[in-house]
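First comes the structure, then the notes that go with it.
What follows draws every value from the coordinates through simple rules; no lab data is involved. Given the structure is predicted, the values throughout are model-derived calculations rather than measurements. Cβ coordinates were reconstructed from backbone atoms using ideal geometry, including for glycine residues, and neighbour counts include every protein chain displayed.
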Amino acid sequence: MLVPFLIAMFLAINMGGSGTGPSFSAAFGANAIRRSLIPGLFGIMVFLGAIFAGKETANTLGTGILNPSLINNVVVSIVFFAVAMSLLIANLAGIPQSTSQSTVFALSAPAIYFKDFNSTKLFSEIIPTWVILPIISLILCFIIGKYIYTPLRRRGYTISSKINNSFVLKGLLVVVSLYVAFSIGANNVANAVGPLTSMTINEMGLNPDESYWFVTIFSVLIIAPAFGIGSSIFGHKILRNTGKELFLFGRIEAVIIAFVSASLLLLASLTKGIPTSLVQLNVGAILGIGIAKLGIKNIFRKTQVRMFFAMWIIAPVIAFGLSLLLVYIADVIDLL
């Protein structure tokens, strides 16, 4: 059982790098927080989110896609390795990637291979959420940007140095960034913890009804700290891409972006436990504000936007294909 836990920690390091962008890019882009403080704060809030609000999403990824009776140490190792490789490619490219989508696709591969695929959960709940929530994020931020933020800007409130340099606004920006990290903990830690929990229960012959939450907490204690490590390793490049290069934030804009994306992710976690992409919610919010501020043609001409969309397609496909290939090889050599 040590091998899947080690691979899960490697995956969590990659998730920490990928999650740093949507969590703190707004604060970093607005120059409201020093980069050196981000990994520690990010790791703490991720841990708290996983403990207090991550149970439903962990259940979904542990039991809702692949039959939990099929989740053993080999399958979990393969799934985590496939997800980690897809995220590593995205991190090296400096593009924040959806951990949830890569994990769901990687779990779907052995489910399809073993002919035990829960298509209802995927196609009726998970995929519609992936499509709808980023659109809602874009629309909400566009409406706020066009009809609330822009009129305030025209009157000079948002460009006032007194307002923008106030400790209240800076503090609010940091608070909502912590809120985003908490939401990541509530949703994305489950990508590793859910399968690990089902595997541990199966391998140790435990009663799921009596031990599921205890094993989940044990897994969180191992996995959550690795998010902060990943933030330290990969966070700077992703922060630069999302926070500085997409377009220049104002501090009030940054608060709007962080609050809307985190609220939608937390809603998905607490209601039906849907593993959802904070990366895409965050970029949707950025685009909504950007369209209201710069116009739709200008914002979509930016190179980073096109790169984001390309990587969002490529990484889950890599995770699915690699997972399916490794499951087939493991079956052929009688490891399953």
| request: Would you mind computing, in nm to one decimal, how far apart the modelled labels at ILE112 and PHE218 are, each placed 7 Å from Cα along Cα→Cβ? | output: 3.4 nm
| What residue among ILE286, ILE257, ILE163 shows peak mean-square fluctuation when the chain is described by a Gaussian network model with Cα springs under 10 Å? | ILE163
| Anyone know which of GLY194, GLY295, GLY235 comes out most mobile in the 10 Å Cα GNM of the chain? | GLY295
| said: Between helix 38-53 and the chain, what is the angle of the helix's C-alpha long axis to the longest principal axis, kept within 0 to 90° and rounded to the nearest 10? | reply: 60 degrees
| request: Compute the long axis of helix 278-294 from its Cα atoms, compare it with the longest principal axis of the Cα atoms of the chain, and write down the angle in degrees, 0 to 90, nearest 10. | output: 20 degrees
| note | Between the Cα axis of helix 127-144 and the main Cα principal axis of the chain, the angle (0 to 90°, nearest 10) is 10 degrees
| query | Relative to the present Cα-Cα distance, how much length would full extension add between ARG35 and ILE132 at 0.36 nm per residue of separation? | reply | 31.7 nm
| query | Which of the lysines could be linked to LYS55 by a straight reach, that is with a Cα gap under 26 Å, when you skip same-chain ones fewer than 8 residues away? | reply | LYS121, LYS272
| Translational D (Stokes-Einstein, µm²/s) of segment 103-185 at 4 °C and 1.567 mPa s when Rh comes from the Kirkwood sum over C-alpha pairs? | 77 µm²/s
| task | Counting only C-alpha contacts under 8 Å and six or more residues apart, can you give the relative contact order of the chain as a whole percent? | result | 41 percent
| query | What percent of all Cα-Cα pairs in the chain falls in each 10 Å bin, counting up from 0? | reply | 6, 28, 34, 20, 8, 3, 0, 0
